[in-house]
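The values are calculated or read from the model by the stated rules, or taken from the named source; none is laboratory data. Everything numeric in this text was worked out from a predicted model, so none of it was measured. Surface accessibility is based on the protein's heavy atoms, side chains included, excluding ligands, DNA and RNA. Shrake-Rupley method; radii C 1.70, N 1.55, O 1.52, S 1.80 Å.
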Amino acid sequence: MEVLPRKGYTIDELANSMTEEEYKKALEFHKFLINITKCNNGVLTIERNKLIDIAAAYMGCSALEAHNILMKMRAYGWIKTVNKDYIIVNLEKKI
């Protein structure tokens, strides 16, 4: 089945797009992640549920919303990998 773009956007792009409020939260959290991972080439060893708890506290939102924002950050290329035991942040991504 072929996915047809809608007004220049694919379904995936529309599903992964952030609201302005989500974007601001994601941008601030990305800056935080860069600051704490730049000495380790973007790698942070942390359990996924602890990462989500930290993200939720930092962004001032629920754990579910923080998880959704983290997945959107990965879709945007700000985060390279989110694993159950670590995260790899894209230090070279220009936002």
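In this view, the solvent-accessible surface of Y86, computed with a 1.4 Å probe and all protein chains in place, comes to about 80 Å².
Considering only protein heavy atoms, what per residue accessible area in square angstrom results for the range 19-88 with a 1.4 angstrom probe? Working shown, then result.
On the way: 4010 Å² over 70 residues.
About 57 Å² of surface per residue is accessible.
Among the lysines of the range 19-88, pairs that are 8 or more positions apart or on different chains and have alpha carbons within less than 19 Å of each other number 13.
Multiplying the residue separation of F32 and T19 by 0.36 nm and subtracting their alpha-carbon distance yields 2.7 nm.
Working note: Debye formula, equal point scatterers on the alpha-carbon atoms of the range 19-88, no solvent; log10 I(q)/I(0) at q = 0.11, 0.25, 0.26 Å⁻¹ is -0.21, -1.23, -1.33.
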